[in-house]
Amino acid sequence: MTKKEAMDLVLSKVPEEKKEAFVKAFREAKTVEERFAVAKKYGATLTDEEAQAIKAEVGGEISDEELDCAAGGCCNCKCSCKCSCTCTG
């Protein structure tokens, strides 16, 4: 599981109307435990397998750029996260 896949998984479990607040709170979290607590608070309940896969891949470190990509704010011409952005400029 890549970091992008991990964030996509978490974001897919957050209701659309809560995603903006989730991203803000997730950015402010400093530790893996805090980030999992934020995910739970915003409705992203993960199975033990999902949580372990995310911890193994991410190790608690997700850059703002990677978070933006997963949250849909990415522009491939401005980042290197290898997301599926279709920007041509």
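Some observations on this one:
- Identity of the residue in the range 11-56, of a type in the set (Val, Ile, Thr) and surrounded by 15 or more Cβ atoms within 10 Å (Cβ to Cβ), that ends up nearest to Met1 (Cα to Cα): Ile54
- Considering residues of the range 4-37 that are assigned to a loop (DSSP other than H, G, I, E, B) and among the hydrophobic types (A, V, I, L, M, F, W, C) only, the residue nearest to Asp48 (Cα to Cα): Val14
- Residue in the range 43-59 that is at pLDDT below 80, among the acidic types (Asp, Glu), out of contact with any His (no Cβ under 7 Å at 6 or more places or on another chain) and not in a helix (DSSP H, G or I) present: no
The values are calculated or read from the model by the stated rules, or taken from the named source; none is laboratory data. All values reported here derive from a predicted model rather than from experimental measurement. For neighbour counting, all protein chains shown are included, and Cβ atoms are generated from backbone atoms with ideal geometry for every residue, glycine included.
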